[in-house]
Amino acid sequence: MLSLIEKLGASFLSIVRDLGRMGLFLLSLIRGLFSRPFRFREVVRQVRLIGADSFWVIFFTGGFTGMVLGLQGYYSLKKFGSEGLLGSIVALSLIRELGPVLTALMVTGRAGSAMCAEIGIMRNSEQLDALECMSIDPFRYLISPKFLATMISVPILTQFFSVVGIGGGYLAGVVLLGVNPGAFFSGIEQSVVNQDINLGIIKSFAFALLIIWICAGRGYYVHKIRDGGFGAEGVSRATTQAVVMSSISVLVWDYLITAVML
């Protein structure tokens with residue numbers, strides 16, 4: 001019994017320490033944005049790596065998500081003779097929920113995992129320690145540009161996802177299944193309001209913050225992760241944790257933001 005209590009206490013203390021480290025990491029991340037000199041070229045490079053290089057992933061995911069929504073929505077609405085509402089359903093589903101969430105999950109899997117592995121390898125190879133020895137702030141030099149690039153890229157990719165998804169819904173519903181195109185676009189115009197667009201934008205910024213915070217933090221503290229440590233195994237564990245924790249956090253915060261703003 002005492003051994004069980006001891007294990008529970010150790011796990012609780014480990015979680016508290018981890019939360020404290022991640023909180024300090026976020027503060028250092030934001031502080032690095034205001035340190036000089038500002039690395040504008042690095043921000044542009046990270047926008048290309050995180051945003052532009054994710055173009056085709058977002059394009060195909062958004063397109064086929066919209067097509068699936070178009071197919072499922074058509075056959076569901078057809079039972080009630082309301083096929084004209086297909087555009088409304090596709091647009092609202094993408095703009096308010098699926099666009100921000102799926103974009104965040106795709107960016108996490110593609111860019112977040114790479115970010116965590118890169119920083120974790122730099123920690124294991126003592127490159128971060130070398131920066132500190134040369135009086136170079138690793139947050140200003142390395143992590144804050146990734147933060148700013150993620151906050152720029154994810155909202156843009158989210159809007160692109162929604163637009164491509166609506167196009168996919170149009171292709172499936174109007175071109176393939178014969179829904180009236182006027183009714184399709186009229187439904188979008190009448191149902192989508194500024195509040196829906198603002199909700200999607202707020203979610204995209206919140207998810208971008210979660211991605212960079214968790215993925216970069218897991219890599220930065222790879223040597224302090226429980227059952228992790230140095231070496232390739234430690235980096236692989238940190239990367240797995242980063243992707244899983246980011247994905248779960250995105251889904252949890254999606255619910256919380258929706259519950260607050262609806």
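Nothing in this text is a laboratory measurement; each read-out follows from the coordinates by a stated rule. The structure presented is a predicted model; accordingly, all values stated were derived computationally and were not measured. A quick note on method: Cβ atoms are made from the backbone with ideal geometry, for glycine too, and the neighbour counts reach across all protein chains shown.
Can you list which of the DSSP-assigned H helices in the chain have a Cα extent of 20 Å or more along the long axis and an average Kyte-Doolittle score of at least 1.6?
Values: long enough: 2-33 (47 Å, 1.12); 55-78 (34 Å, 0.93); 144-170 (40 Å, 1.06); 194-220 (39 Å, 0.94); 232-261 (43 Å, 1.00).
Helices passing the filter in the chain: none found.
Its residues counted as N, region 145-184 yields a C-alpha radius of gyration over 2.2 N^0.38 Å of 1.72. Among Gly182, Gly23, Gly99, the residue with the largest mean-square fluctuation in a Gaussian network model of the chain, with springs joining Cα atoms closer than 10 Å, is Gly182. For the chain, the residue among Phe34, Gly169, Val250 whose Cα projects farthest onto the positive side of the dipole built from Cβ charges is Phe34. This model, with +1 at the C-beta of Lys and Arg and -1 at the C-beta of Asp and Glu, gives the chain a dipole about its Cα centre of some 300 debye.
Taking the Cα centre of region 10-136 as origin and assigning +1 to Lys and Arg Cβ atoms and -1 to Asp and Glu Cβ atoms, the resulting dipole is close to 260 debye.
Test of understanding: what is the full-extension gain from Ile257 to Ile202, defined as 0.36 nm times their sequence separation minus their Cα-Cα distance? Working shown, then result.
Numbers: separation 55, 0.36 × 55 = 19.80 nm, distance 0.85 nm.
Working it through step by step, the gained length comes to 18.9 nm.
Among Gln46, Ile5, Leu71, flag the residue with its Cα farthest along the positive direction of the charge dipole of region 1-78, charges on Cβ as +1 for Lys/Arg and -1 for Asp/Glu. Farthest towards the positive end: Gln46. Remark: region 144-262 carries a charge dipole of roughly 440 debye about the Cα centre, counting +1 on each Lys and Arg Cβ and -1 on each Asp and Glu Cβ.
Build a GNM of the chain with springs between Cα atoms under 10 Å apart, and of Lys224, Lys78, Lys203 the one that fluctuates most is Lys78. Here the relative contact order of the chain, from alpha carbon pairs under 8 Å that lie six or more residues apart, stands at 31 percent.
Cα gyration tensor of region 39-261, axes a ≥ b ≥ c as square roots of the eigenvalues: rounded (a/c below 1.5), prolate (a/b > b/c) or oblate? Before the final figure, lay out the partial values.
On the way: a/c = 2.82, a/b = 2.51, b/c = 1.12.
It is prolate, given that a/c is not under 1.5 and a/b is the larger ratio.
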